[in-house]
1. Across segment 42-57, which residue is surrounded by the most Cβ atoms within 10 Å (Cβ to Cβ) among those that are of a type in the set (Val, Ile, Thr) and not in a loop (DSSP other than H, G, I, E, B)?
2. Can you pull out every residue in segment 41-79 that is among the basic types (Lys, Arg) and over 21 Å from Ser28 (Cα atoms)?
3. Report, by residue number, each residue of segment 59-78 that is farther than 18 Å from Arg35 by Cα and either hydrophobic (A, V, I, L, M, F, W, C) or under 10 Å from the mean Cα position of the chain (by Cα) (or both).
4. I'd like the full set of residues that are of a type outside the set (A, V, I, L, M, F, W, C) and at pLDDT below 70, limited to segment 9-40.
Amino acid sequence: MKLFLPVFLCLFFYGTLPVAAGEVVYISKEELRDRISSSANLVILDVRSEYDWLSSPAKIKGAVRNSPSQLNNWADKYLKDTPLVLYCA
């Protein structure tokens with residue numbers, strides 16, 4: 001999988017929402033690649049603005065786009081023990 005992402009990646013668990021700054025774990029694109037290949041239940045969320053998402057050719061295959069301004073509308077659909085990776089540019 002090609003990961004062309006000049007972005008910050010953070011891994012956290014839904015059970016910690018809202019997550020405090022000290023609880024966010026930042027990972028590199030290489031670490032994400034390893035986690036994708038080793039974890040079937042990992043969910044990757046693209047939380048860029050709609051404009052940025054539509055205008056960018058760089059997307060992680062399998063990522064789900066969710067609007068950060070609508071967090072309360074989509075956060076409950078993920079299980080508390082499911083690892084979530086949020087990324088934005």
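1. Ile44
2. Selection gives Lys77 alone.
3. Matches in segment 59-78: Arg65, Asn66, Leu71, Trp74, Ala75.
4. Across segment 9-40, the qualifying residues are Tyr14, Gly15, Thr16, Pro18, Gly22.
Rundown of residues vs (1) free of Cβ contacts under 8 Å to residues at least 24 places away in the same chain; (2) assigned to a loop (DSSP other than H, G, I, E, B), yes/no style:
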| position | (1), (2) |
| --- | --- |
| Lys59 | yes, yes |
| Ser69 | yes, no |
| Ala75 | no, no |
| Leu79 | no, yes |
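The values are calculated or read from the model by the stated rules, or taken from the named source; none is laboratory data. Computed from a prediction, not measured in an experiment: that's the story for all the values here. Cβ coordinates were reconstructed from backbone atoms using ideal geometry, including for glycine residues, and neighbour counts include every protein chain displayed.
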